[in-house]
1. Can you tell me which residue is farthest from the ligand (Cβ to nearest atom) among those in segment 70-79 that are assigned to a strand (DSSP E or B), surrounded by fewer than 20 Cβ atoms within 10 Å (Cβ to Cβ) and not acidic (Asp, Glu)?
2. Filter segment 80-100 down to the residues that are part of a loop (DSSP other than H, G, I, E, B), within 16 Å of the ligand (Cβ to nearest atom) and surrounded by fewer than 20 Cβ atoms within 10 Å (Cβ to Cβ) and list them by number.
3. Quick check on my filter: what residues within segment 22-69 are assigned to a loop (DSSP other than H, G, I, E, B), without any contact (Cβ under 8 Å) to a residue 24 or more places away in the chain and more than 8 Å from the ligand (Cβ to nearest atom)?
4. Can you tell me which residue in segment 193-238 is surrounded by the most Cβ atoms within 10 Å (Cβ to Cβ), limited to those that are in a helix (DSSP H, G or I) and within 16 Å of the ligand (Cβ to nearest atom)?
5. Could you check Thr196 against (1) over 16 Å from the mean Cα position of the chain (by Cα); (2) farther than 26 Å from His121 by Cβ and say which number it fails?
6. From Leu117, Leu106, grab the single residue that is part of a loop (DSSP other than H, G, I, E, B), away from the ligand (no atom under 13 Å from the Cβ), in contact (Cβ under 8 Å) with a residue 60 or more places away in the chain and buried (at least 16 other Cβ atoms within 10 Å of the Cβ).
7. Take the residues in segment 12-52 that are buried (at least 18 other Cβ atoms within 10 Å of the Cβ) and either at pLDDT below 95 or small (Gly, Ala, Ser) (or both); name whichever of them is nearest to the chain's Cα centre (by Cα).
8. Considering only segment 265-274, I want to know if a residue exists there that is at pLDDT below 95, crowded, with 17+ Cβ neighbours inside 10 Å and within 13 Å of the ligand (Cβ to nearest atom).
Amino acid sequence: MTTTTKTPAAPGPAPAAGGTVLDATGVTMRFGGLTAVRSVDLTVDSGEIVGLIGPNGAGKTTFFNCLTGLYVPTEGTVKYRGKVLPHRSHLVTMAGVARTFQNIRLFANMTVLENVLVGRHTRTKEGLWSALLRGPGFRKAEQDSENKAMELLEFTGLAAKRDHIARNLAYGEQRKLEIARALASEPGLLLLDEPTAGMNPQETMATQELVRSIRQQGIAVLVIEHDMRFIFNLCDRVAVLVQGEKLVEGTPERVQSDERVVAAYLGTPFEGEPGESEAAEVRAAETGKQEAAEAGQEEGEDQ
Ligand SMILES: Nc1ncnc2c1ncn2[C@@H]1O[C@H](COP(=O)(O)OP(=O)(O)OP(=O)(O)O)[C@@H](O)[C@H]1O
């Protein structure tokens with residue numbers, strides 16, 4: 001995979017320097033009796049790449065879904081540039097937050113270019129009548145959109161495949177196309193859900209470079225990924241979710257050396273882990289039983 005940066009697209013207005021782009025406060029998501037995300041606070045600042053990691057089932061994708069209007073959080077608020085985001089995914093995209101999905105969601109039978117053009121629909125102003133009449137305004141808007149889509153295909157290294165059918169692309173290219181399509185909506189914040197899943201090491205490296213280039217375009221990035229090397233090489237800050245709760249947040253160095261994070265990944269309970277108090281009670285009871293049994297055995301031996 002190659003990342004072409006020579007003709008960088010200019011996706012959307014560059015965010016003002018500094019400041020908070022995303023501000024999620026107390027986000028909780030319950031499904032019946034299951035609390036998938038519990039009171040999570042997370043910010044992403046302008047120009048930042050923030051990583052969200054955690055073991056399988058930790059609640060990462062559920063949290064993304066709460067941020068992007070797919071789920072209405074049971075509690076909590078999500079603000080983008082100081083404004084509460086609506087609970088509708090297309091309105092969230094219009095507000096300036098775009099995302100990719102863990103399971104690639106392309107229009108499989110459409111061309112690469114068409115997929116990116118679909119991503120531009122939130123930014124095109126031409127109405128239904130203009131489209132039906134195909135007047136000069138519509139044709140100009142269409143040409144502008146195509147130019148922008150082509151810039152994004154150059155940017156992601158897919159320009160040569162513009163007329164290929166999406167389903168025929170290699171897996172890594174499909175992931176890049178998802179990113180190009182998300183960028184087409186001119187976001188100020190891009191959420192990537194496992195962008196390197198299924199990629200080989202070269203593709204993963206190229207994706208790392210692509211994400212850096214996206215940041216250079218003035219777009220903040222929040223990324224979920226299981227590939228720790230990718231996360232720790234790329235991110236300015238990393239937050240760790242475990243059983244729906246934010247366990248640790250900090251620089252990659254700090255997170256990497258936190259013994260609670262290591263324990264969470266190895267499946268070893270640690271002090272303060274959700275459910276640890278119950279586990280401690282069970283251990284105490286087990287120890288008590290064992291001591292009683294040993295005492296009984298000693299008594300027997302003494303007799
Ligand atoms: N729509 C839903 N209805 C009921 N339970 C759900 C729903 N979505 C997610 N869950 C549950 O919420 C928990 C968190 O799932 P989620 O997919 O967010 O975790 P994750 O950290 O993204 O996991 P992975 O890394 O494996 O993708 C899991 O127990 C999951 O089964």
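1. From segment 70-79, those assigned to a strand (DSSP E or B) are 75-79; that's our starting set.
Subset that is surrounded by fewer than 20 Cβ atoms within 10 Å (Cβ to Cβ): 75-77, 79.
Keeping just the survivors that are not acidic (Asp, Glu) gives 76-77, 79.
Numbers: Gly76: 15, Thr77: 19, Lys79: 21 Å.
Result: Lys79.
2. Residue satisfying the conditions is His87 alone.
3. Those that are assigned to a loop (DSSP other than H, G, I, E, B), without any contact (Cβ under 8 Å) to a residue 24 or more places away in the chain and more than 8 Å from the ligand (Cβ to nearest atom): Gly33, Gly69.
4. So, considering only residues that are in a helix (DSSP H, G or I) and within 16 Å of the ligand (Cβ to nearest atom), the one surrounded by the most Cβ atoms within 10 Å (Cβ to Cβ) is Ile231.
5. Going through (1) over 16 Å from the mean Cα position of the chain (by Cα); (2) farther than 26 Å from His121 by Cβ one by one, Thr196 breaks only (1).
6. The conditions single out Leu106.
7. Filtering segment 12-52 for residues that are buried (at least 18 other Cβ atoms within 10 Å of the Cβ) and either at pLDDT below 95 or small (Gly, Ala, Ser) (or both), the one nearest to the chain's Cα centre (by Cα) comes out as Gly51.
8. As a first pass, look at segment 265-274 and keep what is at pLDDT below 95: 265-274.
If we keep only those that are crowded, with 17+ Cβ neighbours inside 10 Å too, we end up with 273.
Now narrow it down to the ones that are within 13 Å of the ligand (Cβ to nearest atom): none.
Scanning segment 265-274, I find no residue that is at pLDDT below 95, crowded, with 17+ Cβ neighbours inside 10 Å and within 13 Å of the ligand (Cβ to nearest atom), so the answer is no.
The values are calculated or read from the model by the stated rules, or taken from the named source; none is laboratory data. Keep in mind the model is a prediction, meaning the values are calculated, not measured. Cβ coordinates were reconstructed from backbone atoms using ideal geometry, including for glycine residues, and neighbour counts include every protein chain displayed.
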